[in-house]
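A short worksheet on the structure shown next.
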Amino acid sequence: MSSADKNLSVFNTNGLPDISKKRFAILVAEWNSEVTERLFEGAYKTLVDYGAAPENIERGNVPGSFELTLGSQWFAQRPDIDAVIALGVVIQGETKHNDYINHAVAQGITNVSLKLDKPVIFGVLTPNTMEQALDRAGGIHGNKGDEAAMTAIKMIGLHENIRKA
Ligand code: RBF
């Protein structure tokens with residue numbers, strides 16, 4: 001399915017783990033905050049809807065998506081944090097600058113996840129227009145924040161299953 005057709009808030013929820021004692025950090029970029037706030041609301045609600053305790057969800061803000069990498073690392077370094085969800089919106093502009101940000105953040109978050117050996121979720125929208133961003137932040141294509149939170153839950157479950165095997 002292409003990302004244009006996908007509804008980001010519709011997922012398979014079979015076999016999800018118990019997350020009532022798991023701790024989550026949600027990092028939110030302030031650039032395009034009218035969108036990133038909606039991503040945060042979606043991620044927070046999804047965690048709570050699927051069993052996370054509100055007191056086990058922390059929020060941190062970073063100025064822009066570029067800073068999501070280091071912010072994620074600071075949270076991921078904490079032994080009590082089970083997963084980090086990094087939320088941002090980089091709208092493709094006329095310069096190449098946005099490509100550099102997207103690439104740096106995707107690579108940086110991957111590195112943090114592997115280094116700290118825990119889920120650090122890339123919840124960054126990279127649309128061409130603000131309208132496309134809003135469509136994916138609680139609009140017709142669902143909410144990328146929901147999807148990022150569900151990805152964190154599923155990765156926690158996968159890790160538990162692999163360790164049990
Ligand atoms: N941060 C975002 O989260 N989304 C953006 O669309 C975005 N666009 C930027 C465009 C330019 C030309 C620059 C210089 C920065 C942009 N940033 C954006 C901010 C970036 O992630 C970072 O916070 C700053 O570059 C730090 O000075």
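The values are calculated or read from the model by the stated rules, or taken from the named source; none is laboratory data. Please read all numbers here as calculations on a predicted model, not as lab measurements. Every residue, glycine as well, gets a Cβ built from its backbone with ideal geometry; the counts of neighbours run over all protein chains shown. Protein only, heavy atoms only, side chains kept; ligands, DNA and RNA dropped before computing areas. Shrake-Rupley method; radii C 1.70, N 1.55, O 1.52, S 1.80 Å.
Could you please give the count of residues in region 29-53 that are open to solvent by 40 Å² or more (accessible area, probe 1.4 Å), under 13 Å from Gly145 (Cα atoms) and either touching a residue at least 60 places away in the same chain (Cβ under 8 Å) or touching a Gly at 6+ places or on another chain (Cβ under 9 Å) (or both)?
Number satisfying all stated conditions: 4.
Give me a count of the residues in region 31-74 that are closer than 17 Å to Ala104 by Cα and within 13 Å of the ligand (Cβ to nearest atom).
11
Among the residues of region 54-74 satisfying the criterion of being of a type in the set (A, V, I, L, M, F, W, C) and in contact with a strand residue (DSSP E or B) (Cβ under 6 Å, 6 or more places away or on another chain), which is surrounded by the most Cβ atoms within 10 Å (Cβ to Cβ)? Explain how you work it out, then say what you get.
Initial filter on region 54-74 (of a type in the set (A, V, I, L, M, F, W, C)): 57, 62, 66, 68, 70, 74.
Applying the additional criterion that residues be in contact with a strand residue (DSSP E or B) (Cβ under 6 Å, 6 or more places away or on another chain) yields 57, 62, 68.
Details: Ile57: 18, Val62: 22, Leu68: 29.
If we take residues in region 54-74 being of a type in the set (A, V, I, L, M, F, W, C) and in contact with a strand residue (DSSP E or B) (Cβ under 6 Å, 6 or more places away or on another chain), then Leu68 is surrounded by the most Cβ atoms within 10 Å (Cβ to Cβ).
Here are some residues: Ala152, Ala104. Which one is touching a residue at least 24 places away in the same chain (Cβ under 8 Å) and under 12 Å from the mean Cα position of the chain (by Cα)? Let's see the steps before the verdict.
On the way: Ala104 fails: under 12 Å from the mean Cα position of the chain (by Cα).
Answer to the selection: Ala152.
Name the residues in region 75-101 that are near the ligand (Cβ under 9 Å from one of its atoms) and either open to solvent by less than 70 Å² (accessible area, probe 1.4 Å) or in contact with a Cys (Cβ under 8 Å, 6 or more places away or on another chain) (or both), would you?
Residues satisfying the conditions are Gly88, Val89, Val90, Ile91, Gln92, Gly93, Asn98, Ile101.
Among the candidates Phe11, Phe24, which residue alone is touching a residue at least 12 places away in the same chain (Cβ under 8 Å), open to solvent by less than 10 Å² (accessible area, probe 1.4 Å) and out of contact with any Gly (no Cβ under 8 Å at 6 or more places or on another chain)? Write out each step before concluding.
Values: Phe11 fails: open to solvent by less than 10 Å² (accessible area, probe 1.4 Å).
None of the others qualify; the one that does is Phe24.
From the list Lys164, Lys96, exactly one residue is at pLDDT below 95 and farther than 25 Å from Pro63 by Cβ. Which is it?
Working: Lys96 fails: farther than 25 Å from Pro63 by Cβ.
Matching residue, one of Lys164, Lys96: Lys164.
Of the conditions (1) open to solvent by 30 Å² or more (accessible area, probe 1.4 Å); (2) modelled with pLDDT under 95, Asn111 satisfies every one except a single condition; which number is it?
Single failed check for Asn111: (2).
Among the residues of region 102-124, write down those that are among the β-branched types (Val, Ile, Thr) and either within 12 Å of the ligand (Cβ to nearest atom) or assigned to a strand (DSSP E or B) (or both).
Residues of region 102-124 that are among the β-branched types (Val, Ile, Thr), as a first pass: 105, 109-110, 112, 120-121, 124.
Within region 102-124, Val105, Val120, Ile121, Val124 meet the criteria.
Please go through region 13-69 and give me each residue that is in a strand (DSSP E or B) and among the aromatic types (Phe, Trp, Tyr), ordered by number. Lay out the reasoning, then the answer.
Let us first name the residues in region 13-69 that are in a strand (DSSP E or B), namely 24-29, 57-62.
Result: Phe24, single match.
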